[in-house]
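This report refers to the structure that appears directly beneath it.
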Amino acid sequence: MPVESPQHPPWTRVTDADGDRPTRRPRRGWVRDLGELAALAVVIYLVITFVVQTVHVEGQSMVPTLHNNDLLVADKISLDFSGPSRGEIVIIKPPIISPTDFIKRVIGLPGEWIRIAPDRNGIGHVYIDTVAPTGPGGGEQLSEPYINGLWRQEVLCCTNHGQASPTLPPSGRWARIPPRDYFVMGDNRNVSEDSRTFGWEPRSGIVAVARLRFWPLNRLGTLPGPVPTLVPSALLSLVSVGGRRRRRGRRLRRSRG
(Lines give C-alpha, C1' and ligand atoms only; values in the text may rest on other atoms or scores of the structure.)
Protein backbone atom coordinates (compact mmCIF):
# COMPACT_ATOMS: atom_id res chain seq x y z
CA MET A 1 0.00 0.00 0.00
CA PRO A 2 1.47 3.30 -1.00
CA VAL A 3 2.42 5.63 1.79
CA GLU A 4 1.91 9.39 1.44
CA SER A 5 4.98 11.41 2.18
CA PRO A 6 4.54 13.90 5.02
CA GLN A 7 4.49 17.62 4.16
CA HIS A 8 7.81 19.37 4.45
CA PRO A 9 8.10 21.35 7.69
CA PRO A 10 8.80 25.11 7.46
CA TRP A 11 12.51 24.70 8.19
CA THR A 12 15.58 23.32 6.51
CA ARG A 13 17.26 20.23 7.98
CA VAL A 14 20.99 20.69 8.52
CA THR A 15 23.38 17.99 9.73
CA ASP A 16 26.49 18.80 11.78
CA ALA A 17 29.91 17.81 10.53
CA ASP A 18 29.90 14.62 12.67
CA GLY A 19 26.54 13.67 11.19
CA ASP A 20 24.98 13.05 14.59
CA ARG A 21 22.91 16.13 15.53
CA PRO A 22 20.48 17.49 12.98
CA THR A 23 19.50 21.11 13.57
CA ARG A 24 16.65 23.25 12.35
CA ARG A 25 17.06 26.63 10.57
CA PRO A 26 13.85 28.61 9.93
CA ARG A 27 13.13 29.72 6.39
CA ARG A 28 12.65 33.45 5.62
CA GLY A 29 8.96 34.24 5.74
CA TRP A 30 6.99 36.13 3.10
CA VAL A 31 6.23 38.86 5.63
CA ARG A 32 9.93 39.70 5.93
CA ASP A 33 10.34 39.75 2.13
CA LEU A 34 7.37 42.06 1.77
CA GLY A 35 8.79 44.37 4.43
CA GLU A 36 12.12 44.63 2.61
CA LEU A 37 10.37 45.47 -0.66
CA ALA A 38 8.33 48.16 1.08
CA ALA A 39 11.47 49.66 2.65
CA LEU A 40 13.19 49.72 -0.74
CA ALA A 41 10.17 51.43 -2.31
CA VAL A 42 10.23 54.10 0.41
CA VAL A 43 13.95 54.75 -0.16
CA ILE A 44 13.43 55.10 -3.92
CA TYR A 45 10.49 57.45 -3.33
CA LEU A 46 12.51 59.65 -0.97
CA VAL A 47 15.43 59.82 -3.42
CA ILE A 48 13.16 60.80 -6.31
CA THR A 49 11.23 63.31 -4.18
CA PHE A 50 14.05 65.03 -2.31
CA VAL A 51 17.38 64.21 -4.00
CA VAL A 52 17.11 63.91 -7.79
CA GLN A 53 14.58 64.20 -10.57
CA THR A 54 14.50 63.27 -14.22
CA VAL A 55 13.85 66.09 -16.71
CA HIS A 56 12.40 65.89 -20.20
CA VAL A 57 13.50 68.90 -22.27
CA GLU A 58 10.78 70.38 -24.45
CA GLY A 59 11.40 73.20 -26.89
CA GLN A 60 14.38 75.00 -28.39
CA SER A 61 15.19 77.72 -25.83
CA MET A 62 18.42 76.01 -24.65
CA VAL A 63 19.85 75.09 -28.07
CA PRO A 64 22.69 74.28 -28.72
CA THR A 65 23.40 73.06 -25.17
CA LEU A 66 20.14 71.13 -24.86
CA HIS A 67 17.78 69.90 -27.55
CA ASN A 68 14.13 68.94 -27.68
CA ASN A 69 13.52 65.52 -26.08
CA ASP A 70 16.86 65.40 -24.24
CA LEU A 71 16.57 63.51 -20.95
CA LEU A 72 18.45 64.82 -17.91
CA VAL A 73 19.13 64.02 -14.28
CA ALA A 74 18.79 67.04 -12.00
CA ASP A 75 19.98 67.41 -8.42
CA LYS A 76 17.69 68.91 -5.78
CA ILE A 77 19.57 68.40 -2.55
CA SER A 78 22.53 70.72 -3.26
CA LEU A 79 20.12 73.67 -3.24
CA ASP A 80 19.50 72.99 0.45
CA PHE A 81 23.09 74.04 1.16
CA SER A 82 23.78 76.85 -1.34
CA GLY A 83 22.23 78.73 -4.22
CA PRO A 84 23.06 77.91 -7.82
CA SER A 85 26.25 79.32 -9.36
CA ARG A 86 26.51 81.48 -12.45
CA GLY A 87 26.43 79.32 -15.56
CA GLU A 88 24.57 76.40 -14.01
CA ILE A 89 21.49 75.08 -15.81
CA VAL A 90 18.48 75.08 -13.51
CA ILE A 91 14.89 73.89 -13.50
CA ILE A 92 12.60 76.70 -12.38
CA LYS A 93 9.00 77.49 -11.67
CA PRO A 94 8.73 80.84 -13.50
CA PRO A 95 7.02 83.78 -11.78
CA ILE A 96 4.24 83.65 -14.37
CA ILE A 97 1.33 81.29 -14.90
CA SER A 98 2.75 78.25 -16.67
CA PRO A 99 1.61 74.61 -16.84
CA THR A 100 5.23 73.40 -16.95
CA ASP A 101 8.58 74.17 -15.37
CA PHE A 102 11.23 76.01 -17.39
CA ILE A 103 14.89 75.12 -17.87
CA LYS A 104 17.32 78.07 -18.07
CA ARG A 105 20.88 79.12 -17.29
CA VAL A 106 21.83 81.28 -14.30
CA ILE A 107 23.28 84.58 -15.54
CA GLY A 108 22.98 87.14 -12.74
CA LEU A 109 23.32 86.46 -9.00
CA PRO A 110 21.55 88.04 -6.01
CA GLY A 111 22.70 91.58 -5.26
CA GLU A 112 24.58 92.07 -8.54
CA TRP A 113 23.97 94.89 -11.00
CA ILE A 114 23.09 93.85 -14.53
CA ARG A 115 22.42 95.48 -17.88
CA ILE A 116 21.96 94.18 -21.40
CA ALA A 117 22.91 96.22 -24.44
CA PRO A 118 23.86 95.69 -28.09
CA ASP A 119 27.33 96.42 -29.43
CA ARG A 120 27.92 98.52 -32.55
CA ASN A 121 26.91 95.55 -34.69
CA GLY A 122 23.61 95.06 -32.88
CA ILE A 123 24.72 91.88 -31.09
CA GLY A 124 23.52 91.60 -27.50
CA HIS A 125 25.83 91.34 -24.48
CA VAL A 126 25.34 91.04 -20.73
CA TYR A 127 27.27 93.30 -18.36
CA ILE A 128 27.69 92.62 -14.65
CA ASP A 129 28.92 94.76 -11.77
CA THR A 130 29.13 93.98 -8.07
CA VAL A 131 28.92 97.64 -6.97
CA ALA A 132 26.57 100.42 -7.99
CA PRO A 133 27.75 101.70 -11.42
CA THR A 134 28.64 105.37 -11.67
CA GLY A 135 27.60 105.75 -15.30
CA PRO A 136 25.48 104.20 -18.04
CA GLY A 137 28.38 102.09 -19.35
CA GLY A 138 31.13 100.04 -17.76
CA GLY A 139 30.85 96.80 -15.85
CA GLU A 140 32.33 93.45 -16.82
CA GLN A 141 31.09 91.84 -20.00
CA LEU A 142 29.93 88.25 -19.72
CA SER A 143 31.69 86.04 -22.24
CA GLU A 144 29.21 83.31 -23.20
CA PRO A 145 30.56 80.55 -25.48
CA TYR A 146 27.31 78.56 -25.44
CA ILE A 147 24.98 81.08 -27.13
CA ASN A 148 23.22 79.90 -30.28
CA GLY A 149 24.29 82.12 -33.17
CA LEU A 150 24.08 85.92 -33.05
CA TRP A 151 21.87 87.38 -30.32
CA ARG A 152 19.93 90.27 -31.86
CA GLN A 153 16.50 90.02 -30.21
CA GLU A 154 15.59 91.69 -26.90
CA VAL A 155 19.00 93.25 -26.40
CA LEU A 156 17.86 96.20 -24.25
CA CYS A 157 17.57 95.58 -20.51
CA CYS A 158 16.82 96.16 -17.72
CA THR A 159 13.73 97.67 -16.17
CA ASN A 160 13.48 97.72 -12.39
CA HIS A 161 11.97 94.24 -12.64
CA GLY A 162 14.75 92.90 -14.88
CA GLN A 163 12.82 92.95 -18.12
CA ALA A 164 13.80 94.09 -21.60
CA SER A 165 12.06 97.14 -23.03
CA PRO A 166 12.28 99.05 -26.32
CA THR A 167 12.04 102.33 -24.38
CA LEU A 168 15.39 101.86 -22.60
CA PRO A 169 18.45 103.85 -23.73
CA PRO A 170 20.60 102.25 -26.48
CA SER A 171 23.32 101.47 -23.91
CA GLY A 172 20.85 99.54 -21.77
CA ARG A 173 20.15 100.44 -18.17
CA TRP A 174 21.59 99.09 -14.95
CA ALA A 175 19.27 97.34 -12.52
CA ARG A 176 20.10 95.64 -9.23
CA ILE A 177 19.02 92.04 -8.77
CA PRO A 178 17.17 91.70 -5.44
CA PRO A 179 18.94 89.80 -2.61
CA ARG A 180 16.90 86.59 -3.02
CA ASP A 181 16.46 86.64 -6.81
CA TYR A 182 18.36 85.54 -9.91
CA PHE A 183 18.52 86.54 -13.56
CA VAL A 184 18.11 83.51 -15.85
CA MET A 185 18.26 83.18 -19.64
CA GLY A 186 18.05 80.55 -22.34
CA ASP A 187 21.09 79.84 -24.53
CA ASN A 188 18.98 80.33 -27.66
CA ARG A 189 18.56 84.05 -26.93
CA ASN A 190 16.46 84.99 -29.94
CA VAL A 191 13.60 82.63 -29.04
CA SER A 192 13.87 82.17 -25.26
CA GLU A 193 11.26 83.32 -22.76
CA ASP A 194 13.29 84.14 -19.68
CA SER A 195 14.06 86.93 -17.18
CA ARG A 196 13.97 89.45 -20.03
CA THR A 197 10.24 88.80 -20.30
CA PHE A 198 9.10 87.59 -16.85
CA GLY A 199 11.66 89.42 -14.70
CA TRP A 200 13.67 88.24 -11.70
CA GLU A 201 13.50 84.57 -10.81
CA PRO A 202 12.97 84.08 -7.05
CA ARG A 203 15.26 81.66 -5.23
CA SER A 204 12.21 79.74 -4.06
CA GLY A 205 11.31 79.04 -7.70
CA ILE A 206 14.59 77.26 -8.48
CA VAL A 207 13.87 73.60 -7.80
CA ALA A 208 16.85 71.65 -9.21
CA VAL A 209 20.21 71.89 -11.00
CA ALA A 210 20.77 69.83 -14.15
CA ARG A 211 23.81 67.58 -13.71
CA LEU A 212 23.73 64.89 -16.41
CA ARG A 213 22.27 64.22 -19.83
CA PHE A 214 21.63 60.50 -20.28
CA TRP A 215 19.66 60.59 -23.52
CA PRO A 216 20.41 60.52 -26.39
CA LEU A 217 23.34 58.23 -25.75
CA ASN A 218 25.56 59.91 -28.33
CA ARG A 219 25.34 63.12 -26.26
CA LEU A 220 25.71 61.48 -22.85
CA GLY A 221 27.67 63.73 -20.50
CA THR A 222 27.73 66.03 -17.51
CA LEU A 223 26.26 69.52 -17.46
CA PRO A 224 26.50 72.49 -17.74
CA GLY A 225 29.36 72.20 -20.26
CA PRO A 226 30.97 75.57 -21.24
CA VAL A 227 30.38 78.26 -18.62
CA PRO A 228 30.39 82.07 -18.79
CA THR A 229 33.32 84.21 -17.65
CA LEU A 230 33.51 87.89 -16.75
CA VAL A 231 35.82 90.03 -18.89
CA PRO A 232 36.93 93.39 -17.38
CA SER A 233 36.06 96.46 -19.44
CA ALA A 234 39.73 97.50 -19.59
CA LEU A 235 40.65 94.20 -21.21
CA LEU A 236 37.82 94.55 -23.68
CA SER A 237 39.13 97.98 -24.64
CA LEU A 238 42.62 96.57 -25.27
CA VAL A 239 41.21 93.77 -27.40
CA SER A 240 39.13 96.28 -29.35
CA VAL A 241 42.10 98.62 -29.90
CA GLY A 242 44.30 95.71 -30.94
CA GLY A 243 41.69 94.56 -33.44
CA ARG A 244 41.39 98.05 -34.94
CA ARG A 245 45.17 98.33 -35.27
CA ARG A 246 45.39 94.96 -37.02
CA ARG A 247 42.65 95.92 -39.45
CA ARG A 248 44.33 99.27 -40.09
CA GLY A 249 47.65 97.54 -40.72
CA ARG A 250 46.06 95.18 -43.23
CA ARG A 251 44.47 98.13 -45.07
CA LEU A 252 47.86 99.93 -45.23
CA ARG A 253 49.61 96.84 -46.56
CA ARG A 254 46.96 96.39 -49.25
CA SER A 255 47.21 100.06 -50.26
CA ARG A 256 51.01 99.84 -50.49
CA GLY A 257 50.82 96.66 -52.56
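Pairs meeting the criteria (first residue in the range 129-153 and on the phi > 0 side of the Ramachandran plot, second residue of a type in the set (S, T, N, Q) and surrounded by 13 or more Cβ atoms within 10 Å (Cβ to Cβ), beta carbons under 6 Å, at least 6 apart or on different chains) are 138/233. Within the range 82-127, how many residues are touching a helix residue (DSSP H, G or I) at 6+ places or on another chain (Cβ under 8 Å), part of a loop (DSSP other than H, G, I, E, B) and either among the hydroxyl-bearing types (Ser, Thr, Tyr) or under 30 Å from residue 71 (Cβ atoms) (or both)? The qualifying residues number 5.
Where strands (runs of 3 or more DSSP E) sit wholly within the range 131-236, those with at least 2 residues that are over 15 Å from residue 114 (Cβ atoms), of a type in the set (A, V, I, L, M, F, W, C) and modelled with pLDDT of 95 or more occupy 206-215.
Only residues that are buried (at least 22 other Cβ atoms within 10 Å of the Cβ), of a type outside the set (Ser, Thr, Tyr) and touching a helix residue (DSSP H, G or I) at 6+ places or on another chain (Cβ under 8 Å) were counted in the range 159-186, giving 5. Residues in the range 187-218 that are under 25 Å from residue 136 (Cα atoms), buried (at least 18 other Cβ atoms within 10 Å of the Cβ) and not hydrophobic (A, V, I, L, M, F, W, C): 189, 194, 195, 196, 199, 201. Residue-level analysis places residue 108 outside the set of residues that are in contact (Cβ under 8 Å) with a residue 12 or more places away in the chain and over 17 Å from residue 163 (Cα atoms).
The values are calculated or read from the model by the stated rules, or taken from the named source; none is laboratory data. From a predicted model like this one, the values you see are computed outputs, not experimental measurements. Counting neighbours? That spans all protein chains shown, and the Cβs are built from the backbone with ideal geometry, glycine included.
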